[in-house]
Amino acid sequence: MAFAFGPIATAGLGLLTVPVIAWIFPPADVGRLNIVQISVSFGVLLFNLGLDQAYVREYHEWTDRGALLKSCFAPGFAVLLLVIGASLPYDDRISMWLFGLGHVAYYWILIACVIANFISRFLSLILRMQDRGMAFSMSQVMPKIVLLLTLVVLASPLFSKTFAELEIAYLMSLLSVLTLYTWNTRRDWSPALSASVSRTKVRGLLSYGVPLIFAGVAYWGLDATSSLVLRSMSTLSELAVYSVSVSFAGVGVVFQTIFTVLWAPLVYKWVAHGVDMRRVDHVAQQALAVVCVLWVLCGTFSWVADLILPARYVQVKYFMLCCIGQPLLYTLSEVTCVGIGISRRSMFSLWATLSALIVNVGISTWLVPTRGASGAVIANALAFLVFFVARTEASAHVWRPFPRARLYAFVVTAVAMSIATLIFGPELPVPFGFIWLAILPLVVWQFRAEWLDMYRKFQAAMSADGLPSLAGRGRNVRT
């Protein structure tokens, strides 16, 4: 519950932040902010050399945690600084290519964002691996609060509402979370400064992490393809509609964030303690139940977007159904691909991601010139469907077979319904609204066994922690 607080609060604040940005800044600047965000994510994925995941994988195996942190952080940070130095002569060209604006300040603000987010990534892993849920959650919430407060100030007539102001506001939000992480982990990163590092162990970490560099970059490409194709083959206004649609699919990101934060460390702990891994099959079905319900709820209540966004974003309510597929399918694949991590066959993650990337690039370049943002979200939905199937099949191949037919049936149906709503929904908004509403009780009933099982385990967990169960509360009151 402590870990869940951060993503839930962040999503709630995001539902305030996105409309505020959409109302204050022109669509072109909203599109440029999307370029900043995907550039920051690319910098972290590329330059951490896969060693952030190596840190999580080896945390329970190393006794000197300070040496582990230094061994994972230092190589990537050194490479990052070298690349920044090499980019000095080209800063104006890079700024023009990214933002369509040649001012070098935009590029250097972006560099500051990358550095802040890179350091925060490793410090956040300390809190996660120590199960410090509330500290981890507060560090996620703080940047959204800072960004929202800064936007409120920028809404004043004293400011000109330029892209520079929006980019600086985003940088301030990242610096706030870096400050919190630095303070909350000060007793953990300070020993790492003087820790000795073994080259042999660093090579071992790199042997695990290097394939994940390519997988990470490929995943970034999968995630960013739609934005990049829209930037190069369409307009910044279309990119703005796409980025707002992705932001409004935040309920899926909440589920993804909570689950991925908890899942990988838990699985590796199970492996270290010799737990029967058939329990993963049950978790997969429970995750499928949550994914389906969230998807249908998004379809049922997508019309709410019209109430809080400017009229130029009227398409968002149709786009967000395909956009929510990205975080939900990624989360579900984290369960079904667990065998890749357990067996340390990380190259299979790379091939699965590359397959989806090829699909995304192909469909995006085909549809975006004629359909704009709608073509981008369709390509994204189909690509993440391929991503999910490829990771699942790879895990079944390298680890052990497990039931997959039910997973594929529900996921394919959800993607097909989302694309159908995007294409035909503008002409038939009421019928499609009722279709999504009618599907909701059917999905809940179909997964009734999973809901009951999750409820029982939740009650058992509360009792184990010394908290009264719901039934127990009633008995205590009567007593």
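The values are calculated or read from the model by the stated rules, or taken from the named source; none is laboratory data. Quick caveat: nothing in here was measured; it's all calculated off a predicted structure. Backbone-built Cβ (ideal geometry, glycine too); neighbour counts: all protein chains shown. Only protein heavy atoms, including side chains, enter the accessible area calculation; ligands, DNA and RNA are left aside. Shrake-Rupley method; radii C 1.70, N 1.55, O 1.52, S 1.80 Å.
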Provide the gained length on full extension for the span Trp303 to His273, in nm with one decimal, where the gain is 0.36 nm per separating residue minus the Cα-Cα distance. 6.1 nm
Whole-number accessible area per residue in Å² for the chain, which is evaluated in the context of all protein chains at 1.4 Å: 44 Å²
Within the chain, which is the longest segment containing none of the trypsin sites (Lys or Arg not before Pro) that sit in a DSSP loop and have at most 13 other Cβ atoms within 10 Å? 1-277
Among (i) 78, 50, 45; (ii) 68, 44, 37; (iii) 64, 63, 51, the entry derived from the coordinates for Cα extents along the principal axes in Å: (iii)
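What is the gain in length, in nm to one decimal, between Glu393 and Thr413 on full extension, counting 0.36 nm per residue of separation less the C-alpha to C-alpha distance?
Going from the current span to full extension adds 5.3 nm.
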Based on the alpha-carbon gyration tensor of the stretch 205-315 and its eigenvalue square roots a ≥ b ≥ c, which shape applies: rounded if a/c is under 1.5, prolate if not and a/b is larger than b/c, or oblate? oblate
Please state the shape class of the stretch 331-458: rounded when a/c is under 1.5, otherwise prolate if a/b exceeds b/c and oblate if not, all from the C-alpha gyration tensor. oblate
What is the distance in Å between the Cα centroid of the stretch 301-378 and that of the stretch 405-440? 16 Å
Estimated distance in nm for a label pair at Ala112 and Arg404, the labels positioned 7 Å out from Cα along Cα-to-Cβ: 4.8 nm
Spin-label pair Ala78/Leu262, simplified geometry with 7 Å Cα→Cβ offset, distance in nm: 3.9 nm
Sulfur and carbon atoms: percent of accessible area, the chain [1.4 Å]: 69 percent
Determine the alpha carbon to alpha carbon distance for each of Lys144/Lys317; Lys201/Lys269; Lys144/Lys457; Lys70/Lys144 and list only those over 26 Å. Lys144/Lys457; Lys70/Lys144
Classify the stretch 37-168 as rounded, prolate or oblate from the Cα gyration tensor: take a ≥ b ≥ c as the square roots of its eigenvalues, call it rounded if a/c is under 1.5, otherwise prolate when a/b beats b/c and oblate if not. oblate
Estimated distance in nm for a label pair at Arg187 and Met134, the labels positioned 7 Å out from Cα along Cα-to-Cβ: 1.5 nm
Which value, in debye to the nearest 20, describes the size of the charge dipole of the chain about its Cα centre when Lys and Arg Cβ atoms bear +1, Asp and Glu Cβ atoms bear -1, and nothing else is charged? 1080 debye
Under a cut-off of 19 Å between alpha-carbon atoms, report the aspartates and glutamates in cross-link reach of Lys161, not counting same-chain residues fewer than 8 places apart. Asp29
Diffing the stretch 295-310: the Karplus 3J(HN,Hα) column from phi (6.51, -1.76, 1.60, θ = phi - 60°), in whole Hz with x for Gly and Pro, holds 5, 5, 4, 4, x, 6, 10, 5, 4, 4, 4, 5, 7, 10, 10, x
